[in-house]
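These notes are about the structure you will find just below.
Any read-out appearing in this document is the output of simple, stated calculations on the displayed coordinates, not a laboratory observation. Because the structure is a prediction, the values reported are computed rather than measured. Heads up, the Cβs are rebuilt from the backbone with ideal geometry, glycines too, and the neighbour counts pull from every protein chain shown.
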Amino acid sequence: MLPSASLLLMPDISGFTTFVHETELEHSQHIISELLETLISANELNLTVAEIEGDAVLFYREESVPTPAQIVAQARRMFRAFHGWVQEFVSTCPCGCAACQSVRRLTLKVVAHAGPLGFTTVRQQRKPFGEAVVVLHRLLKNDIPSHEYVLLSHALLAHAPGSLAVLGTTAQPGISTYDDLGDVRYVHVSLRDAAGPFAPVWEGPAAVPLSSAPAALFLAGPAVAQRAGSPPRGSGGRLFSDHL
Ligand SMILES: [Zn+2]
């Protein structure tokens, strides 16, 4: 194991519409703050919040890198908390505004990386900086053909105790090329597979206008309905909420 590496971990929410109306802006701010709180509350690896970055949270753990299995378990916990909140919201919110309607198609990915960190303190807020922070942010854009996964960089695996083998065949290799960094290798684990029934209520890229699609389609999700080999279920919401 290499010395002095710290963990960086960032859950990142995708799928929000850009809003223009004042009411929708208010609702979207409320939704995002609730979801970010939910993600922060799901922290069980003793992570520190460095800052909120739009629809994402930058966590770190200084000079200590958990095992790959612990990181995947942490991502799963955040994923379950996230979709638990989404499902509760979708089943109870009567508001038809674009912000509230977009909640059903929100997705979550988690990116994890490790390396030496520097720290700067601004207004009593300690923030990590350095190349590892840059790499983490680059990794948010990658070539993984999915919206919901946890990504672990090879640099992280080099610093982490424990074996990747414990994840078995669920860990898929990947590589992305960046102009300034060159090739960056990683493995990724689907959170859908890992989290079982806590699949999102919506998954792109198929764009069905919200106003014209039957509600059951959103509750069960096109991918879920296809796998089950049956039409979308009217009680799709219950499918998930039974496991909350
Ligand atoms: Zn609303």
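Numbers for the structure displayed
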quantity	calculated
Cβ-based charge dipole, segment 6-200, positive-most Cα from Q70, V135, I13	Q70
Highest-first arrangement of 52-61, 160-169, where packing means the average Cβ count within 10 Å	52-61, 160-169
Farthest toward positive dipole pole in segment 49-102 [+1 Lys/Arg, -1 Asp/Glu at C-beta], among A99, A81, L58	A81
Which of S41, S91 has the fewest Cβ neighbours within 10 Å, and the rest in rising order	S41, S91
Size of electric dipole in segment 6-200: Cβ of Lys, Arg +1 and of Asp, Glu -1, about Cα centre, debye, nearest 20	420 debye
Loop trypsin sites (Lys or Arg not before Pro), segment 77-174 (other Cβ atoms within 10 Å of the site Cβ: 15 or fewer; DSSP)	R123, K141
Net lengthening on full extension, C93/H30 (0.36 nm per residue, minus Cα-Cα)	21.4 nm
